[in-house]
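As structure tokens, the structure follows; a few thoughts come after it.
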Amino acid sequence: METFEEILNKNKGIIFRIVNYYCKNADDKKDLEQEILIQIWLSYKKYNEAFAWSTFIYRIALNVSIGFYKKQKRRKDKFINVNLFIETHLQDETPLVIDEDLRVLNEFIFQLNDINKALMILYLQEKSYAEIALILGISETNISTKINRLKIQLKEYFKVNKNGNR
């Protein structure tokens, strides 16, 4: 069996993506990342080998993030910081350039409710509907319906917000 550290190293990208979609500033990111790691550690011995580690980690990370986001939302005003992607701990020191499409996509994702934000993150990671359903605990049919609605909303959002047309 893999060690806890090996599992985290193989799946750190999951935590990285979720933390960056649920938090806007560096301190909140660190707090959320720490809370996710604690919950993964506390749940480590309860892992069911019938599922992939990535599914297990996605489920914990999303549940912790949704709770964290709700707490933060109550405490702070909403605001979108396009540069938050730049504040990440990239593995290499290569500067990250965010193009207009990515900026608009990130703005769209940040304004979504908890379940839709989780759906978009998993969908953009090219998870199958079956995997998404397993992670979020909702039916594949519901996943399909919600993703189709999100695609329509995203197209409309792009029409309105692309190139600063606000």
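Just a few scattered comments:
- Counting the residues of the stretch 19-30 that are modelled with pLDDT under 90, assigned to a helix (DSSP H, G or I) and surrounded by fewer than 16 Cβ atoms within 10 Å (Cβ to Cβ) gives 2.
- From the list ILE138, ILE66, the one residue that fits, being closer than 24 Å to ASP28 by Cα and modelled with pLDDT under 90, is ILE66.
For (1) under 16 Å from the mean Cα position of the chain (by Cα); (2) exposed (fewer than 14 other Cβ atoms within 10 Å of the Cβ); (3) modelled with pLDDT under 85; (4) farther than 26 Å from ILE7 by Cα, each residue gets a yes or a no:
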position: ILE38; (1), (2), (3), (4): no, yes, no, no
position: LYS46; (1), (2), (3), (4): no, yes, no, no
position: SER54; (1), (2), (3), (4): yes, no, no, no
position: LEU62; (1), (2), (3), (4): yes, no, no, no
position: LYS78; (1), (2), (3), (4): no, yes, yes, yes
position: ASN83; (1), (2), (3), (4): no, yes, yes, yes
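- In the stretch 116-143, the residues that are surrounded by 14 or more Cβ atoms within 10 Å (Cβ to Cβ) and among the hydrophobic types (A, V, I, L, M, F, W, C): ALA118, LEU119, MET120, ILE121, LEU122, ILE132, ALA133, LEU134, ILE135, LEU136, ILE138, ILE143
- Test: residue in the stretch 150-162 that is exposed (fewer than 12 other Cβ atoms within 10 Å of the Cβ) and either among the β-branched types (Val, Ile, Thr) or at pLDDT below 60 (or both): yes
The values are calculated or read from the model by the stated rules, or taken from the named source; none is laboratory data. Note that the structure is predicted; figures quoted are calculated from it, not measured. Note that we place each Cβ from the backbone using ideal geometry, even for glycine, and neighbour counts take in every protein chain shown.
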